[in-house]
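Visitor: Supplied in structure tokens, the structure appears directly below.
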Amino acid sequence: MSARDLFHGSVRRALEKDRWRISHDPLELAWEEVKIKIDLAAERLLAAERDTRKIAVEVKSFAGPSPISEFHTALGQFLNYRLMLEVKEPERQLYLAVPVDTYGSFFQSRLAQSMVERYQLNLLVYDPMLEEVVTWIS
């Protein structure tokens, strides 16, 4: 089993506080010989639309010494996971969960903003200490 991210539990609890039902921890997908595990999958009923919104969340802590190196890894995972979701679970939208401190620093750089825009990354910004969702960026 792959190691869980440092803030996996914090993001799970933040989603639950935000009224999401965790449906998979992790979400396992297979496409031919390739198998992946996306950290979390969640669902929430949209009462006004009488529909269920489904998401998958890849949690990152950015706790290492090089945010750009961690971002390269996260971006590669995100793009691979998004393609697999398009094929296997097209109704599910993928989010990259990033800590609020990292979002306020590294993700404000021109490079990070350009990458988020170019690759259409959906971000879930979370506070790991308060275990809360700060904002959703789609």
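All of the numbers you see were taken from the coordinates with simple rules; none came from a lab. Keep in mind it's a predicted model, so treat the numbers as computed, not measured. Virtual Cβ from ideal backbone geometry, glycine too; neighbours counted across all protein chains shown.
Visitor: Need one word for the range 96-138: rounded, prolate or oblate. Basis is the Cα gyration tensor (sqrt eigenvalues a ≥ b ≥ c); a/c below 1.5 gives rounded, then a/b vs b/c decides.
Guide: oblate
Visitor: Given +1 on the Cβ of Lys and Arg, -1 on the Cβ of Asp and Glu, and no further charges, what dipole in debye does the chain carry about its Cα centre, rounded to the nearest 20? It would help to have the intermediate numbers written out before the result.
Guide: Working: 18 positive and 21 negative charges, 24 e Å.
My answer is approximately 120 debye.
Visitor: Using packing as a proxy for protection, rank 36-44, 115-123, 88-96 so that the peptide with the highest average count of other Cβ atoms within 10 Å comes first.
Guide: Those peptides, ordered most packed to least, come out 36-44, 88-96, 115-123.
Visitor: Is the C-alpha gyration tensor of the chain telling us rounded, prolate or oblate? Criteria: a/c under 1.5 is rounded; beyond that, a/b larger than b/c is prolate, otherwise oblate.
Guide: Rounded is the answer for the chain, as its axis ratio a/c remains below 1.5.
Visitor: Return the whole-Å distance between the Cα centroid of the range 117-138 and the Cα centroid of the range 11-58.
Guide: Each part reduced to its Cα centre gives a spacing of 15 Å.
Visitor: Considering only DSSP beta bridges where both residues belong to the chain, give the percentage that are antiparallel (nearest 5).
Guide: So the antiparallel bridges amount to about 65 percent of the total.
Visitor: Report the number of Lys pairs in the chain whose alpha-carbons are under 17 Å apart, with separation of 8 or more residues or on distinct chains.
Guide: Step by step, the pairs that qualify in the chain add up to 6.
Visitor: If you build a Gaussian network model of the chain, linking Cα atoms that sit under 10 Å apart, which residue out of Asp127, Asp51, Asp101 swings the most?
Guide: In the Gaussian network model the winner is Asp51.
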